[in-house]
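S.K.: Below is a structure I'd like to ask you about.
The values are calculated or read from the model by the stated rules, or taken from the named source; none is laboratory data. From a predicted model like this one, the values you see are computed outputs, not experimental measurements. When we count neighbours, we look across all protein chains shown, and the Cβ atoms used for this are built from the backbone with ideal geometry, even at glycine. We work out accessible area using only protein heavy atoms, side chains counted, and drop any ligands, DNA or RNA first. Shrake-Rupley method; radii C 1.70, N 1.55, O 1.52, S 1.80 Å.
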Amino acid sequence: MGSEKTGVSPSSESSYRRKKLENMKKAGSDPFSFTAYFSDICLKKVKDCFEKLEGTTVSVAGRVVGYRNMGKVAFLDLRDSSEKLQIYVKGEDLATGSSIFLNNVDIGDIVGIEGFVFKTRRGEISIHAKSFVLLAKALLPLPEKYHGLKDVDLRYRQRYIDLIVNPGIKDTFLKRTRIISYIRKFLDERGFLEVETPVLNTIPGGAAAKPFLTHHNALNMDLYLRIAPELYLKRLIVGGFEKVYELGRVFRNEGMSTKHNPEFTSVEIYEAYSNYTKMMRYTEDLIKGLVTDVIGKSVLEYGDLRLDFSGSFKKVSMIHAVREITGIDFGDFSGDCVEAKRRVKELGLDVSGSSTWGDVLNFVFEETVEKTLIQPTFVYDYPVEVSPLTKRKSDNPQLAERFEFFVAGKEIANAYSELNDPDDQRERFVHQMELREKGDEEANIIDEDFLTALSYGMPPTGGLGIGVDRLVMVLTNSQSIRDVILFPTMKPLKTNMNENGVLVEDTDKSEETSSEGAPLIDTNDPSIPIFDAKKPDFNSLVIEPLFEDLVDFETFSKSDFRAVKIKNCVAVPKSKKLLKFTLDDGTGTDRTILSGIRTYYEPEQLIGKTCIAIVNLPPRKMMGIDSCGMLISAVHNEGEEEKLHLLMVDPSIPAGAKLY
């Protein structure tokens, strides 16, 4: 009973468990034959109501998460969705038919137990088992409680294991559910109608984002997964619904990071005869209500930050926010792109890709201001160029009536006074199409049907969008968006698929790629280097000639090569080549290095790896970001094709170890 033998491989343990299952089946006691088991109380209630329940017979069910054999008696730790409770088992006290299950139970199995509530001599509330049945046999062993699930990548890929081994994780998702319920309640109480709009769109609209493309076989046409529900919701405002909202998934085919997941949850709200100042009040009231009612306090911890949601939230215009951080007042040269670029050069930012005053202002804000917005802050009055669906300010047509809400350096909400002039909207769409023709894949496409809807007349309208995942991150002190999504998007570790698209093991390995004597490598371990089993094509191999010039030892010894651990890796926005690495170099201070290897690796592949970097190069600006050093890669050519391998080393090498 309770195998969990130390030093036993998972495959051997699985075989051992399967033998137990066969034994039970042969004895006519197949645990998988049960269609239901009716427990009458949760384990938490047993503990909370012990005085009332002592001596009472109860029926409970759950997963075995601990086992201690004391000879004639055994103690099991049983966990259900509410609590963990000790089960006292004495073989001679069990009902007929229970022994076969008891003798074949392992940690991880699902069991049903009937017995009476009591306290042990040590004072622990327990259930004395009288009946014991196995309801499901766990054929795979759980990871060791304190060692097996430090692997963050595995936690995301196999969330079901994460929830079993780390039950505290459930609290985050319980809070997420309560947050979503509160948002709906908040809007319903204010007269908003929840609606559903298409996920499959003929035109991707409502946001500046690259869409996912799919194909409809019956209609023989390409469709896009929605990047926002905005344009459909505003059609409903045209049709006479005055308060609508939609809470659901949207999809954006963009980079992944601790703040970005390709599919995420948002809520979009539209109210006729309203504007962005009304949306600002809704946002503040909603978030304060969430903090008070769901979290239960107005001052929250987020990592090392202390976030104060009491009092009125700070409100600042984008121009003023940029002036506070950089000293540059864009209001002094409003609309003058040449002067804007000249002034910004003093900051060392590369704005060559910005073609208007508004683009420069927005770029400077994103690069210098966003990360400083720690406390709850509304930033309002954005450039028109980056707000194609928003009304212009009547007193300054260079700006739009738009705000974004920030906390902990993250954008949480975005709101407009919605543009309802069909002619102005068409001009904005035309400008967006010009940007698209120049290579901006995120620019909007002209939506003729939406323009037709506006031509029938849309009242002045306020619109608000809130990123639910980021909001949950802040309210639950979660540092990555993947921590608040039950099943975040992950790249498959194995690339072999059958004709149905199902991942399968590669059983036809050639001698070139495998060896009987080779040690097994756990490819699920993110710290293990990424190996390419395919050998180079030696017939077309081209290696760069060795340098003929010699370097004296004193010069060489000044190069500081160190082992570094990749803490995070994200794609650099608006760059097709660059990855941004956050590195542990052993100093206790994160190091940022940019590397142009995006063609060869997905960012998420590299998190957790141990690499080599030269760390005493002077900082170099790339896309406005200081790159402090260089990661070392091995490069060769096969014919005309360049091959690159980031140099990854033994994960047991500590961060900061010096190379000699």
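S.K.: Could you tell me which residue of segment 627-657 is nearest to K577 (Cα to Cα), considering only residues that are open to solvent by 70 Å² or more (accessible area, probe 1.4 Å) and charged (D, E, K, R)?
M.R.: It comes out as E642.
S.K.: Something else: Determine which single condition K72 fails, assuming it passes every other condition in (1) open to solvent by 90 Å² or more (accessible area, probe 1.4 Å); (2) in contact (Cβ under 8 Å) with a residue 24 or more places away in the chain.
M.R.: Unmet for K72, out of (1) open to solvent by 90 Å² or more (accessible area, probe 1.4 Å); (2) in contact (Cβ under 8 Å) with a residue 24 or more places away in the chain: (2).
Okay, residues lined up against (1) under 19 Å from R17 (Cβ atoms); (2) at pLDDT 90 or above:
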site: A61; (1), (2): no, yes
site: G66; (1), (2): yes, yes
site: N69; (1), (2): yes, no
site: K72; (1), (2): no, no
site: F75; (1), (2): no, yes
site: Y88; (1), (2): no, yes
site: G91; (1), (2): no, no
site: T96; (1), (2): no, no
site: D106; (1), (2): yes, yes
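S.K.: Ok, one more. May I ask you to list the residues in segment 156-177 that are in a loop (DSSP other than H, G, I, E, B) and either touching a residue at least 60 places away in the same chain (Cβ under 8 Å) or in contact with a Cys (Cβ under 7 Å, 6 or more places away or on another chain) (or both)? It would help to see each step written out before you state the result.
M.R.: To start, the set of residues in segment 156-177 that are in a loop (DSSP other than H, G, I, E, B) comprises 158, 166-168.
Scanning segment 156-177 gives a single hit, P167.
S.K.: Follow-up question, since we're still on this one. Going by the structure shown, is F212 surrounded by fewer than 21 Cβ atoms within 10 Å (Cβ to Cβ), farther than 25 Å from P459 by Cα, in contact (Cβ under 8 Å) with a residue 24 or more places away in the chain and among the aromatic types (F, W, Y)? Quick ask: steps written out before the conclusion?
M.R.: Working: surrounded by fewer than 21 Cβ atoms within 10 Å (Cβ to Cβ): yes; farther than 25 Å from P459 by Cα: yes; in contact (Cβ under 8 Å) with a residue 24 or more places away in the chain: yes; among the aromatic types (F, W, Y): yes.
In short, yes.
S.K.: Which ones in segment 295-340 are in a helix (DSSP H, G or I) and buried (at least 19 other Cβ atoms within 10 Å of the Cβ)?
M.R.: Of all residues in segment 295-340, those in a helix (DSSP H, G or I) come to 295, 318-326, 330-333, 337-340.
If the condition is that a residue be in a helix (DSSP H, G or I) and buried (at least 19 other Cβ atoms within 10 Å of the Cβ), then M318, I319, A321, V322, T326, F330, A340 are the ones that fit.
S.K.: Next question. Under 9 Å between Cβ atoms, at least 6 apart or on separate chains: pull out the pairs that start in segment 302-329 with a residue that is closer than 29 Å to L349 by Cα and at pLDDT 95 or above and end on any residue that is part of a helix (DSSP H, G or I) and open to solvent by 80 Å² or more (accessible area, probe 1.4 Å).
M.R.: Cβ pairs passing all conditions: V316/E324; D329/R323.
S.K.: Does L187 meet the test of being over 18 Å from the mean Cα position of the chain (by Cα) and open to solvent by 40 Å² or more (accessible area, probe 1.4 Å)? Can you show your working first?
M.R.: Working: over 18 Å from the mean Cα position of the chain (by Cα): yes; open to solvent by 40 Å² or more (accessible area, probe 1.4 Å): no.
No.
S.K.: Pick out the one residue from L349, L361 that is surrounded by 18 or more Cβ atoms within 10 Å (Cβ to Cβ), of a type outside the set (F, W, Y) and part of a loop (DSSP other than H, G, I, E, B).
M.R.: Values: L361 fails: part of a loop (DSSP other than H, G, I, E, B).
After ruling out the rest, the residue left standing is L349.
S.K.: May I ask you to list the residues in segment 406-439 that are in contact (Cβ under 8 Å) with a residue 24 or more places away in the chain, aliphatic (A, V, I, L, M) and not in a strand (DSSP E or B)?
M.R.: Across segment 406-439, the qualifying residues are A408, L419.
S.K.: Does R226 count as surrounded by 18 or more Cβ atoms within 10 Å (Cβ to Cβ), among the charged types (D, E, K, R), out of contact with any Lys or Arg (no Cβ under 9 Å at 6 or more places or on another chain) and in contact (Cβ under 8 Å) with a residue 24 or more places away in the chain?
M.R.: Numbers: surrounded by 18 or more Cβ atoms within 10 Å (Cβ to Cβ): yes; among the charged types (D, E, K, R): yes; out of contact with any Lys or Arg (no Cβ under 9 Å at 6 or more places or on another chain): no; in contact (Cβ under 8 Å) with a residue 24 or more places away in the chain: yes.
Here the answer is no, as R226 does not meet what is asked.
S.K.: Shifting gears a bit: Does segment 557-570 contain at least one residue that is of a type in the set (A, V, I, L, M, F, W, C), more than 30 Å from E441 (Cβ to Cβ), open to solvent by less than 30 Å² (accessible area, probe 1.4 Å) and in a strand (DSSP E or B)? Steps first, answer last, please.
M.R.: Here is the first cut: in segment 557-570, the residues of a type in the set (A, V, I, L, M, F, W, C) are 561, 563-564, 566, 569-570.
Now drop any that are not more than 30 Å from E441 (Cβ to Cβ), which leaves 561, 563-564.
Okay, now just the ones that are also open to solvent by less than 30 Å² (accessible area, probe 1.4 Å), so 563-564.
Restricting the remaining residues to those that are in a strand (DSSP E or B) gives 563-564.
Yes, there is a match, as at least one residue in segment 557-570 is of a type in the set (A, V, I, L, M, F, W, C), more than 30 Å from E441 (Cβ to Cβ), open to solvent by less than 30 Å² (accessible area, probe 1.4 Å) and in a strand (DSSP E or B).
S.K.: Residue by residue through segment 587-639, note down the ones that are part of a loop (DSSP other than H, G, I, E, B), in contact (Cβ under 8 Å) with a residue 60 or more places away in the chain and charged (D, E, K, R).
M.R.: Initially, segment 587-639 is screened for residues part of a loop (DSSP other than H, G, I, E, B), giving 587-590, 596-602, 607-609, 615-619, 623-624, 628-629, 632, 639.
Checking the rest, the ones that are also in contact (Cβ under 8 Å) with a residue 60 or more places away in the chain come to 587, 601-602, 607-609, 623-624, 632, 639.
Those that are part of a loop (DSSP other than H, G, I, E, B), in contact (Cβ under 8 Å) with a residue 60 or more places away in the chain and charged (D, E, K, R): E602, K609.
S.K.: A further question follows. Of the numbered conditions (1) under 30 Å from D332 (Cβ atoms); (2) open to solvent by less than 10 Å² (accessible area, probe 1.4 Å), L464 fails exactly one; give the number of that condition.
M.R.: It is condition (1) that L464 fails.
S.K.: Does any residue of segment 573-582 turn out to be under 30 Å from N261 (Cβ atoms), free of Cβ contacts under 8 Å to residues at least 24 places away in the same chain, open to solvent by 80 Å² or more (accessible area, probe 1.4 Å) and out of contact with any Leu (no Cβ under 9 Å at 6 or more places or on another chain)?
M.R.: Here is the first cut: in segment 573-582, the residues under 30 Å from N261 (Cβ atoms) are 573-582.
Filter once more, keeping what is free of Cβ contacts under 8 Å to residues at least 24 places away in the same chain: 576-577, 582.
If we keep only those that are open to solvent by 80 Å² or more (accessible area, probe 1.4 Å) as well, we get 576-577.
If we keep only those that are out of contact with any Leu (no Cβ under 9 Å at 6 or more places or on another chain) too, we end up with 576-577.
Scanning segment 573-582 turns up at least one residue that is under 30 Å from N261 (Cβ atoms), free of Cβ contacts under 8 Å to residues at least 24 places away in the same chain, open to solvent by 80 Å² or more (accessible area, probe 1.4 Å) and out of contact with any Leu (no Cβ under 9 Å at 6 or more places or on another chain).
Conditions (1) open to solvent by less than 10 Å² (accessible area, probe 1.4 Å); (2) in contact (Cβ under 8 Å) with a residue 60 or more places away in the chain; (3) touching a Cys at 6+ places or on another chain (Cβ under 8 Å); (4) of a type in the set (G, A, S), marked per residue:
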| position | (1), (2), (3), (4) |
| --- | --- |
| L43 | yes, no, no, no |
| Q86 | no, no, no, no |
| L102 | no, yes, no, no |
| I113 | yes, no, no, no |
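S.K.: How do the strands (runs of 3 or more DSSP E) wholly within segment 178-281 filter down when requiring 1 or more residues that are in contact with a Pro (Cβ under 8 Å, 6 or more places away or on another chain): which remain? It would help to see each step written out before you state the result.
M.R.: On the way: elements: 213-216, 221-225, 243-251, 263-272.
In segment 178-281, 221-225, 243-251, 263-272 are the strands (runs of 3 or more DSSP E) which contain 1 or more residues that are in contact with a Pro (Cβ under 8 Å, 6 or more places away or on another chain).
S.K.: Still on this structure, please answer the following. Considering segment 576-620 alone, what residues qualify as being more than 19 Å from the chain's Cα centre (by Cα) and aliphatic (A, V, I, L, M)?
M.R.: L578, L583, I593, L594, I597, I612, A613, I614, V615, L617
S.K.: Scan segment 337-353 and give yes if some residue there is in contact with a strand residue (DSSP E or B) (Cβ under 9 Å, 6 or more places away or on another chain), more than 30 Å from L300 (Cβ to Cβ) and modelled with pLDDT of 95 or more, otherwise no. Break it down stepwise before answering.
M.R.: Kept after step one, since they are in contact with a strand residue (DSSP E or B) (Cβ under 9 Å, 6 or more places away or on another chain), are these residues of segment 337-353: 348-350.
Those still in the list that are more than 30 Å from L300 (Cβ to Cβ) too: 348-350.
Now narrow it down to the ones that are modelled with pLDDT of 95 or more: none.
So far as segment 337-353 goes, no, none of its residues is in contact with a strand residue (DSSP E or B) (Cβ under 9 Å, 6 or more places away or on another chain), more than 30 Å from L300 (Cβ to Cβ) and modelled with pLDDT of 95 or more.
S.K.: Right, next: Just name the residue that is farthest from T96 (Cα to Cα) out of those in segment 25-41 that are surrounded by 15 or more Cβ atoms within 10 Å (Cβ to Cβ) and among the polar types (S, T, N, Q).
M.R.: Among those residues, the one meeting the criterion is S39.
S.K.: Could you list all residues from segment 640-650 that are under 18 Å from I614 (Cα atoms) and assigned to a loop (DSSP other than H, G, I, E, B)? Steps first, please.
M.R.: Our first condition is that a residue be under 18 Å from I614 (Cα atoms); within segment 640-650, this holds for 644-650.
Residues satisfying the conditions are L647, V649, D650.
S.K.: Just to verify a result, which residue in segment 583-600, among those that are modelled with pLDDT of 90 or more and touching a Leu at 6+ places or on another chain (Cβ under 8 Å), is surrounded by the fewest Cβ atoms within 10 Å (Cβ to Cβ)?
M.R.: D590
S.K.: Here's another thing I want to ask about it. Hey, E54 hits all of (1) within 19 Å of R121 (Cβ to Cβ); (2) touching a residue at least 24 places away in the same chain (Cβ under 8 Å); (3) open to solvent by less than 60 Å² (accessible area, probe 1.4 Å) but one; which does it fall short on?
M.R.: For E54, the failing item is (3).
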